[in-house]
Amino acid sequence: MEAAERPNTPKSIVVDIVNLMNLRTRVTSWEDDEEIHVDVWGDNLGILIGRGGATLQALQEIVTTIIRRSRQETRRITIDVERYRERRRQKLREYAENMAEKALSTKRPVRLDPMPARERKIIHDALKDIEGVESKSEGEEPERRIVISPA
């Protein structure tokens, strides 16, 4: 079936994009009440992730825009490449713990580098479980960052 004949789904759009990029991939998807998940698997897919996940985020935004314009879909669309998002989430949690330790040991606030809202949420959530520190976001996008302070 030609791409133009196939109904637009997040999975079909991702398949079309990776095919245009001549990448050998396997694309799977699953849905729940809140999200549509699309997972991409293959070799040498760093080009789909990009520096700090920037290309992956852009791909997700493009697919979301196409879907929202072409049909009535309100669920969030999440695209992942070889579990990059889960690995990144774990690294952010570890980073939050290390920076909380630094704030506690120096008794001074620690300012993190600017990061996207989704990553800031992961940091804030990880810090909720650490006694003796508090966190807040400051600044304006795209330079918005977290400051971790001793409580």
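The values are calculated or read from the model by the stated rules, or taken from the named source; none is laboratory data. In this text, all values refer to a predicted model and were calculated from it rather than measured experimentally. Using ideal geometry, Cβ is built from the backbone for each residue, glycine included, and neighbour counts are taken over all protein chains shown.
So which of Lys107, Lys91 is among the charged types (D, E, K, R) and at positive phi? None of the other options fit; the residue is Lys107. Within segment 58-77, the residues that satisfy the criterion of being in contact (Cβ under 8 Å) with a residue 24 or more places away in the chain, surrounded by fewer than 16 Cβ atoms within 10 Å (Cβ to Cβ) and either within 25 Å of His124 (Cβ to Cβ) or touching a strand residue (DSSP E or B) at 6+ places or on another chain (Cβ under 8 Å) (or both) are Glu73, Arg75, Arg76.
If you go through segment 18-27 and keep only what is part of a strand (DSSP E or B) and exposed (fewer than 11 other Cβ atoms within 10 Å of the Cβ), you end up with just Arg26.
Residues being under 16 Å from the mean Cα position of the chain (by Cα) and in a strand (DSSP E or B) are entirely absent from segment 93-105.
All of (1) surrounded by 14 or more Cβ atoms within 10 Å (Cβ to Cβ); (2) in contact with a helix residue (DSSP H, G or I) (Cβ under 8 Å, 6 or more places away or on another chain); (3) over 25 Å from Asp32 (Cβ atoms) hold for Met99 with one exception: (2).
Every residue in segment 37-52 that is closer than 18 Å to Glu119 by Cβ and surrounded by fewer than 20 Cβ atoms within 10 Å (Cβ to Cβ), please. Once the filter is applied, which keeps residues that are closer than 18 Å to Glu119 by Cβ and surrounded by fewer than 20 Cβ atoms within 10 Å (Cβ to Cβ), segment 37-52 yields Gly50, Arg51, Gly52.
Return yes or no: is Glu31 surrounded by fewer than 19 Cβ atoms within 10 Å (Cβ to Cβ), assigned by TED's automatic domain parsing to the domain that holds Gly132 and at pLDDT 95 or above? For Glu31, the condition - surrounded by fewer than 19 Cβ atoms within 10 Å (Cβ to Cβ), assigned by TED's automatic domain parsing to the domain that holds Gly132 and at pLDDT 95 or above - is not met. Cβ-Cβ contacts under 9 Å between residues 6 or more apart (or on different chains), taken from a first residue in segment 89-114 that is assigned by TED's automatic domain parsing to the domain that holds Glu140 and of a type in the set (Asp, Glu) to a second residue that is part of a helix (DSSP H, G or I) and crowded, with 16+ Cβ neighbours inside 10 Å, are listed as Glu94/Ala126; Glu97/Ala126; Glu97/Leu127. Checking Thr74, Thr78 one by one, the residue that is modelled with pLDDT of 95 or more, assigned by TED's automatic domain parsing to the domain that holds Val14 and either within 27 Å of Pro10 (Cα to Cα) or part of a helix (DSSP H, G or I) (or both) is Thr78 and no other.
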